[in-house]
Amino acid sequence: MILTAVAVVAVAGFAVYRLHAVFASQDVTSTPSGSDSDIVPFNPKHVVLEVFGPPGTVATITYLDVNAQPQRADAVPLPWAYDTTTTQPAVFVNVAAQGDSDSIGCRIRIDDVVKDERSVNTLNAYTYCLDKSG
């Protein structure tokens with residue numbers, strides 16, 4: 001009886017050993033502990049949101065940052081700009097502004113290419129710019 005139990009354990013151990021070899025679990029490669037695991041930015045995008053108007057204009061500005069998080073800036077003297085760099089493959093940015101003058105404009109630039117630009121001339125001017133493909 002004992003001899004049979006030892007034989008079963010030996011055969012099972014050999015089967016497990018062979019299965020490990022078949023699935024290459026013995027070829028474990030690991031990263032050396034001293035290696036740099038930081039992600040290196042590839043193809044970073046330079047994003048600039050701008051709001052402009054006549055000198056002395058004060059505006060309320062709402063915008064989506066490069067992480068698509070809504071932001072708000074109250075009583076901002078113009079010109080105003082949000083300037084950042086991101087490594088995201090695409091960005092969705094939006095800016096809207098209402099000023100206390102008769103003229104206001106906005107612009108979205110990604111990698112120095114104007115993606116959207118608008119200007120409005122009306123009482124308490126309001127404008128917005130949007131880019132979904134950046």
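Bear in mind that the values in this text are calculations on the coordinates, not laboratory data. Just so you know, these numbers come straight off a predicted model, no measurement behind them. Neighbour counts are summed over all protein chains in view; Cβ atoms, including those assigned to glycine, are modelled from backbone coordinates with ideal geometry.
Tell me the relative contact order for the stretch 45-131 as a rounded percent, counting alpha carbon contacts under 8 Å between residues six or more apart. Here the relative contact order equals 33 percent. Over the C-alpha atoms of the stretch 45-131, the Rg to Rh ratio, Rh being the Kirkwood estimate, stands at 0.97. Note on the stretch 45-131: dipole from Cβ charges, positive end direction compared against Ala75, Val120, Val91; the farthest Cα belongs to Val91.
Counting residues in the stretch 85-132 as N, plug N into 2.2 N^0.38 Å and put the Cα Rg over that result. Intermediate results must be reported in sequence, preceding the final value.
On the way: Rg = 12.5 Å, N = 48, 2.2 N^0.38 = 9.6 Å.
Compared with the compact-globule rule of thumb, the stretch 85-132 sits at 1.31.
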